[in-house]
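Report on the following structure.
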């Protein structure tokens, strides 16, 4: 799997994405400064070293992700700093929501909005607390949620890297992420060997998964695993499952010549999301770029 | 705070899911138009994958065969990365599998005949070719058949014909070739994969 890159390479990756999929340029350009800032923040932020003794490898083997064994977002994490830094990037990429983002940034800066509350509320079972919090502070709930999802990605990706380094290799045979338990947003089938790797856009984790099984419902099918592809652009594909009616955008037999960022690849293939959703399929996970209406 | 998987999924969807791109002020019209164009021009193809086993040798490598759902034709054959024997790898013969399908434009689809001493290929049909091949093989075999050797020992063999097997035939075809060759009394039987 080739998802690692030097931070300076992100601009080249985005430029290639724009060149290959000019029809999606508006969305790529909107997310470009955000993703570039996220990757930078992942390298720069300092987090408390996770206590990996809490993680039971036998539980992992049984399919219990790390998120069910330890806290992945802590109150002392630099959520405020990350949020303010990302708010600037959001304004750059998505000027239409600048006003709302400014309002949210001011509340965070003034201490009236603690980003951790966004993560604490749903984990405590208060599903509608996000809406309530946004309403109370008179900010757009969708814009606040959007910003917080970008913040969580930075913290989760950094934490996931540290956890993976501490854990070393372990068995994982599930279709959801071993770290955060989220379903994949995109898959990559390697050019050499044809192995399938799933990518979690929630924490940036990649893991190998069999090609003959649906990651979502685990239906194993050796004869009828279906996919759609674009004629003359066979790299652009989407695997579908007729049991659960989910799809997974897939980069098929993508080479290793250029560095790749799986999130940018996923955004570049947003037309596949449009096509699959028009055919009645749903994405395996709702992330910030595949909810189209 | 303890986040269970269910809880975390709730967290994730609460902070990130359900945010429509249009709510972020993005114009999706060019993307939608492109997707519509792909669909209208019938450029979005549906295919299915089937796993199978390579027929060539006893190793038993796994293959993934992709078939176009509309035409029923094979569009790709590749090694099965999840197969415990080959883990996605294929030998030169296996990697060339796809060229045996009708997708290979250079594949011969008609009988071509070049007469002894001739310089040009002529197209013939199977009704002409099969009896002729059978006749020539039978005549050569009958003319050169040896019931006994110089010592008078029973051998029942034909040394005038050899059979050189193809690496592009499978185990079952190899078995038929072998039985046919031995029935004719052939002793020079070999296979490309062995040399």
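Quick look at the numbers
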read-out: Relative contact order (%) - criterion: Cα under 8 Å, at least six apart; region: segment A:186-283; value: 27
read-out: Average beta-carbon neighbours from other chains, 10 Å sphere, peptide B:40-52; value: 5
read-out: Relative contact order, percent, segment A:237-293 [alpha-carbon distance under 8 Å, six or more residues apart]; value: 38
read-out: Cα-based radius of gyration of segment A:45-167 once divided by 2.2 N^0.38 Å, which approximates compact folds; value: 1.16
read-out: Packing rank of A:69-78, A:102-111, where each peptide gets the mean count of other beta carbons within 10 Å, highest leading; value: A:69-78, A:102-111
read-out: Mean Cβ neighbour count within 10 Å, used as a protection proxy, ranking B:117-124, B:138-145 highest first; value: B:138-145, B:117-124
read-out: Three-way shape label, the protein assembly as shown, alpha-carbon gyration tensor, a/c 1.5; value: prolate
read-out: Dimensionless Rg ratio for segment B:105-168, taking C-alpha atoms and the 2.2 N^0.38 Å reference; value: 1.56
read-out: Order of A:148, B:146, A:164 under a 10 Å beta carbon neighbour criterion, fewest first; value: B:146, A:164, A:148
read-out: Shape call, segment B:56-195: gyration tensor on alpha carbons, a/c limit 1.5; value: oblate
read-out: Peptide A:95-101, shielding by other chains (average Cβ, 10 Å cutoff); value: 2
read-out: Kirkwood-Stokes translational diffusion coefficient of segment A:171-211, alpha-carbon pairs, 37 °C, 0.692 mPa s, µm²/s; value: 323
read-out: B:108, A:275 arranged by Cβ crowding within 10 Å, fewest neighbours leading; value: B:108, A:275
read-out: Relative contact order [Cα under 8 Å, 6+ residues apart], chain A, whole percent; value: 21
read-out: Alpha carbon centroid spacing (whole Å) that separates segment A:223-293 from segment A:175-214; value: 12
read-out: Full-extension gain in nm, residue A:98 to residue A:224, via 0.36 nm per residue minus C-alpha separation; value: 40.7 nm
read-out: Crossing angle, helix B:29-40 versus chain B [Cα axis fit, 0-90 degrees, rounded to tens]; value: 30
read-out: Test item: A:250-260 mean partner chain Cβ contacts at 10 Å; value: 0
read-out: On Cα atoms only, tilt of A:25-44 relative to the major axis of chain A in degrees; value: 70
read-out: Order of A:68, A:201 under a 10 Å beta carbon neighbour criterion, fewest first; value: A:68, A:201
read-out: Shape call, segment A:186-283: gyration tensor on alpha carbons, a/c limit 1.5; value: rounded
read-out: With Cα atoms, 0 to 90° folded angle of helix A:98-109 axis to chain A main axis; value: 60
read-out: Cβ crowding within 10 Å averaged over residues, with B:29-40, B:78-89, B:149-160 ranked highest first; value: B:78-89, B:29-40, B:149-160
read-out: Computed FRET value (nearest 0.05) for residue B:73 with residue A:76, which takes r as the C-beta separation and R₀ as 60 Å; value: 0.50
read-out: Cα pair distances in segment A:135-228, grouped into 5 Å bins until the bin that holds the longest one, percent each; value: 2, 12, 18, 20, 16, 12, 9, 6, 3, 1, 0
read-out: Part-to-part distance (alpha-carbon centres) for segment B:53-109 and segment B:130-179, which is given in Å; value: 31
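None of the figures in this text is laboratory data; all of them are computed from the coordinates on show. Every value quoted in this text rests on a predicted model; they were computed, and no experiment measured them. Positions of Cβ are backbone-derived with ideal geometry, glycine not excepted, and every protein chain shown enters the neighbour counts.
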